[in-house]
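The values are calculated or read from the model by the stated rules, or taken from the named source; none is laboratory data. Bear in mind that the values here come from a model prediction, so they are computed numbers and not experimental data. Because the Cβ atoms are built from the backbone with ideal geometry, glycine has one as well, and the counts that use them run over all protein chains shown. Accessible surface areas use protein heavy atoms only, side chains included; no ligands, DNA or RNA. Shrake-Rupley method; radii C 1.70, N 1.55, O 1.52, S 1.80 Å.
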Amino acid sequence: MEMEGALATVELKRRPRPHAIAYLISLVCYGLMLLPLVAIIFYSFLAPGDASDASQWSFTWDWYQALSHDESILEALTTSLIVAVVASLGSTSIGLLGALALHRSQFSRSELVSGLATLPLALPELVLGLASVIWFGTIGLSLGINSVIIGHITLTTAYVVTVINARLTDFDSAVIDAASDLGATPWQVARRVTIPLLAPAIGAGAMMAFTLSFDDFMISFFTAGVDHDTLPMRIYSMIRFGINREIYALSTVLILLTITGLGVSSWLRRRSI
């Protein structure tokens with residue numbers, strides 16, 4: 001063991017450090033991605049009429065106050081929150097059961113089933129949205145908030161399965177067998193052993209599902225029907241008639257909510273390792 005540790009240390013020492021050019025390229029790439037977001041946040045706080053003269057701009061909350069009084073935006077925000085909460089709960093429940101089933105599966109084609117379970121990760125959302133519309137029409141389900149929730153569950157369940165599966169790779173199944181041998185019922189094993197051990201991964205998957213559902217546009221666009229706009233759809237409809245500072249403020253709110261959700265998900269994921 002000591003020899004293996006020494007060899008690993010030597011290998012780490014021999015590994016070359018990245019060149020300064022690599023750091024520069026990374027910095028440029030991150031800058032190209034983040035600067036537009038920073039610009040949106042910056043413009044959302046500019047006072048009316050100051051955009052033409054950058055030297056005279058002043059701080060204002062006017063655009064955020066306008067958002068708080070816009071009934072259509074508040075309605076879209078409420079719809080997005082309802083869809084995201086219900087979809088995250090549904091996808092977390094299905095994803096947890098699916099991940100456990102795949103982990104405990106002993107049949108030879110489990111890898112094929114695992115690949116099918118995570119297929120939505122690889123498919124374009126345009127394809128998923130179109131397939132959802134065709135399927136809903138086939139079964140006679142009218143488009144509305146229910147169809148949006150089902151479409152989001154289909155998308156986000158794959159992410160939940162992936163997150164929980166990553167935790168299950170290091171999960172010691174002997175703990176569950178020991179609890180069963182001591183007389184615990186399957187429900188007691190799940191409530192007192194399995195779920196507490198997987199809680200950080202479950203929370204990370206749920207937060208990721210909530211964030212993805214809240215931000216989704218493509219599937220919502222295909223499955224929402226009329227009079228059920230989500231917040232991203234509302235932003236899109238506003239942009240079609242021109243970009244104003246209210247859109248900047250609304251985008252800033254969406255950016256901050258997304259960063260918060262992904263940050264919590266990342267923190268929970270690190271706890272599960």
### Message
Restricting to segment 21-45, name every residue that is aliphatic (A, V, I, L, M), open to solvent by less than 100 Å² (accessible area, probe 1.4 Å) and closer than 30 Å to TRP63 by Cα.
### Response
LEU34, LEU37, VAL38, ALA39, ILE40, ILE41
### Complete set of residues in segment 229-250 that are in contact (Cβ under 8 Å) with a residue 60 or more places away in the chain, in a helix (DSSP H, G or I) and under 26 Å from LEU143 (Cβ atoms)
LEU231, PRO232, MET233, ARG234, LEU250
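Of the residues in segment 49-67, how many are among the hydroxyl-bearing types (Ser, Thr, Tyr) and either closer than 11 Å to GLU246 by Cβ or modelled with pLDDT of 80 or more (or both)? Full working, then the answer.
Of the residues in segment 49-67, the ones among the hydroxyl-bearing types (Ser, Thr, Tyr) are 52, 55, 58, 60, 64.
Within this subset, residues satisfying the condition of being either closer than 11 Å to GLU246 by Cβ or modelled with pLDDT of 80 or more (or both) are 64.
Within segment 49-67, residues that are among the hydroxyl-bearing types (Ser, Thr, Tyr) and either closer than 11 Å to GLU246 by Cβ or modelled with pLDDT of 80 or more (or both) number 1.
For LEU198, indicate whether it is more than 30 Å from HIS103 (Cα to Cα) and buried (at least 20 other Cβ atoms within 10 Å of the Cβ). Full working, then the answer.
Values: more than 30 Å from HIS103 (Cα to Cα): no; buried (at least 20 other Cβ atoms within 10 Å of the Cβ): yes.
Criteria not met by LEU198.
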### Query
Can you name the condition, by its number, that ASP170 falls short on among (1) in contact (Cβ under 8 Å) with a residue 60 or more places away in the chain; (2) closer than 17 Å to GLY225 by Cα; (3) loosely packed, with under 13 Cβ neighbours inside 10 Å?
(2)
### Query
Looking at (1) within 28 Å of ILE134 (Cα to Cα); (2) of a type in the set (Val, Ile, Thr); (3) surrounded by fewer than 20 Cβ atoms within 10 Å (Cβ to Cβ), can you tell me which one THR185 breaks?
(1)
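Among the listed residues SER237, SER266, SER213, SER251, identify the single one that is open to solvent by less than 60 Å² (accessible area, probe 1.4 Å), over 22 Å from ALA101 (Cα atoms) and in contact with a His (Cβ under 9 Å, 6 or more places away or on another chain).
Among SER237, SER266, SER213, SER251, only SER213 is open to solvent by less than 60 Å² (accessible area, probe 1.4 Å), over 22 Å from ALA101 (Cα atoms) and in contact with a His (Cβ under 9 Å, 6 or more places away or on another chain).
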### Odd one out for ALA190 among (1) surrounded by fewer than 17 Cβ atoms within 10 Å (Cβ to Cβ); (2) free of Cβ contacts under 8 Å to residues at least 12 places away in the same chain
(1)
### Message
Which of the helices (runs of 4 or more DSSP H) found entirely inside segment 139-228 contain at least 1 residues meeting this: at pLDDT 80 or above and under 12 Å from ALA87 (Cβ atoms)?
### Response
145-168, 195-215, 218-223
## Note on the structure
Checked pairs for segment 42-66, first within 20 Å of VAL253 (Cβ to Cβ) and assigned to a helix (DSSP H, G or I), second modelled with pLDDT of 60 or more and among the polar types (S, T, N, Q), C-beta under 6 Å and 6 or more apart or across chains, list as TRP63/SER44
